[in-house]
1. For the subset of region A:72-90 comprising residues that are surrounded by fewer than 16 Cβ atoms within 10 Å (Cβ to Cβ), more than 8 Å from chain B (Cβ to nearest Cβ) and not in a loop (DSSP other than H, G, I, E, B), which member is modelled with the lowest pLDDT?
2. From A:R127, A:R140, grab the single residue that is charged (D, E, K, R), outside any helix (DSSP H, G or I), more than 14 Å from chain B (Cβ to nearest Cβ) and over 13 Å from the mean Cα position of the chain (by Cα).
3. Could you pull out every one of the strands (runs of 3 or more DSSP E) wholly within region B:55-165 that has 1 or more residues that are within 23 Å of B:A225 (Cα to Cα) and not assigned by TED's automatic domain parsing to the domain that holds B:A195?
4. Name the pairs: first residue in region B:367-386 and under 15 Å from A:G56 (Cα atoms) and in contact (Cβ under 8 Å) with a residue 12 or more places away in the chain, second residue surrounded by 15 or more Cβ atoms within 10 Å (Cβ to Cβ) and among the basic types (K, R), Cβ to Cβ under 6 Å, at least 6 apart or on different chains?
5. Return the residues of region B:62-84 that are surrounded by fewer than 20 Cβ atoms within 10 Å (Cβ to Cβ) and either small (G, A, S) or at pLDDT 85 or above (or both); say none if nothing qualifies.
6. Which of the residues that make up region B:215-232 are surrounded by fewer than 19 Cβ atoms within 10 Å (Cβ to Cβ) and closer than 10 Å to B:V59 by Cβ?
7. Going by the structure shown, is B:T282 out of contact with any Cys (no Cβ under 9 Å at 6 or more places or on another chain), crowded, with 18+ Cβ neighbours inside 10 Å, more than 14 Å from chain A (Cβ to nearest Cβ) and on the phi < 0 side of the Ramachandran plot?
8. If the requirement is being on the phi < 0 side of the Ramachandran plot, within 9 Å of chain B (Cβ to nearest Cβ) and surrounded by fewer than 16 Cβ atoms within 10 Å (Cβ to Cβ), which of these qualifies: A:P111, A:P100?
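The values are calculated or read from the model by the stated rules, or taken from the named source; none is laboratory data. Being a predicted model, the structure only gives us computed values, none of them experimental. No Cβ is skipped: glycine too gets one built from the backbone with ideal geometry, and neighbour counts run over all protein chains shown.
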Amino acid sequence: MRRPVLDVRDLTKTYGEGEATVHALRGVSMTVERGDYVAIMGSSGSGKSTLMNILGALDVPTTGTYLLDGVDVSDLADRQLALARNRLIGFIFQAFNLIPRMSAAGNVELPLAYAGIKPDERRRRARAALDVVGLAERARHEPNQLSGGQQQRVAVARALVTEPALLLADEPTGNLDTRSTEDVLDVFDQLSAAGRTIVIITHEPEVGARAKRLIRLVDGRIVHDVRQRP
Amino acid sequence: MSLTFALRGLSANKLRSSLTMLGILIGVAAVILLVAVGNGSAKAISDRIEALGTNTITVMSAGRTGSALTTETAGALADPVLAPDVRSVSPVVSASATVTYEGADHEVSSFVGTTPGWFAASNTPVGRGAAFTTDDEAQGRRVVVLGPTVAEELFPGADPIDQQVTVGGALFTVIGVLAGKSSTGFQDANDTAVAPLTAVRQVLTGYGSLNSILVEASSPAQVDAVQSQVSTILGLSLDETQYRIQNASQLLETQTETADTFTTLLGAVAAISLLVGGIGITNIMLVTVTERTREIGIRKALGAPRRVILTQFMIEATLLSVLGGLLGVAAALIGSSFEIVGVRPVIVPSSVGLALGVSIAIGLFFGGLPAARAARLRPIDALRYE
């Protein structure tokens, strides 16, 4: 049996103590199979960003277990966590989060550098990844010389360059205009068609509509989980 | 890998990096240079005093009633029983005088009359010609040994020996020229002339009292013994307020102490400037790390282990402080080849090590501390940081 890329059980997350306790997640369980394209939707305050950060191993849950590609992420030490983030997850942020004053190619090469891959190999793979998002000719440009949509496509290239088990995107089109949104979503469709596993968080219905599976989150619970396409 | 990241980080902010290095550069260069100036002036002072001879004491007259030192006093000091450690006693008179030669004249600030033993005792060798002899002194022969400055003034390009110069209306035969002395004070030590005591008293100063008596000890170790013997003898005929004894080695000691204090003071001032430079590094590192907390978050999200991030910032801080420090050392070395306020600086090697070490330590500590804090942050907190 193929093991799921993502397997979370009874995830809870609380912030603060006593009276001021905020329950961001109240027991979330879900699995995501390899090659799936999942959109998690919810209004602001529904806990979707908290869920995203936990799925991306950027934050730890208060209770519950999280298996990422069969590895229990909740009890990893800092070193292994860094390794997991590097090898298993490709993260795409709403604010792009490219490193300023570093060329697009440099940004894409960065996770490979942390993985200890040789410079020649790094350059080849970064070029290939930029090719996938259609920005090969912009490799030498720095982030401030690129439009928002281009920056986000560079961020996508950076996320997929390590060939991670899971692509996680946190409101990837939140800061983009309609045209750039279309460009970025086309890239996601293309990646999904190529067999990548994608989890995308959004509050825009048109983004959610393009996913194969749609999950709705309200008040830290999954209220809706439908398959829109096989 | 971390080295490339660090170099990229530094070159991304060239102006800020170079200003930080400038702060350290100035701090390090100031420490080294100021200590070198202090050390150089101490060396100059001790050289000057050592040139006076360290195995002599000088008896000088004190008090307002005129000098009480006479040739009899000087004679009494040459007493093998009461003062066994005295090698020679040279009574000294001196006055300023105009020396004339064929229409050219020169004002000599110290025309010295003394006995032949003075040349050896005062560490003033004769360069050309000869010193006068005991016989010359006894006979009151009018012979003179000129200082190099006087000889150069009166006999430019000519040999002054056996020429006759006029001093105070009397003719003196030049029999020698003193060897040049290095002159570090305001007074030119070469602007002098030495003649037999009897001749000078006859022509210039009259038969009054002596200006001073130079007493030479048989060895530098006996200087203190000679000093107590001399004061015993002088105590027989003179009141203690009428004379004072100047001891060259004591003078050297106190002057060296003064110079050491001076060096310490300069060093303290310089250390403060190094500290200010260090605070500059601290400030820049804090700003850099705080400003780049988000970047640290991104890097962690991309899978950078804590160690790699820490190393990157440590290398950045180290490079800044090491480069700044080395440039500071270079600046100090260049600066020390020039005279500063009339003093030739002499570099103290330990000050180089100390200044460099402190700047590197400051860079490592205050660069490492905020970096360690940032590297420990959970990526989500670092990413949210604004």
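1. A:D75
2. Going through A:R127, A:R140 in turn, the sole match is A:R140.
3. Here the list reads B:56-61.
4. B:P379/B:K300
5. B:A62, B:G63, B:G66, B:S67, B:A68, B:G75, B:A76, B:A78, B:P84
6. B:S231
7. yes
8. A:P100
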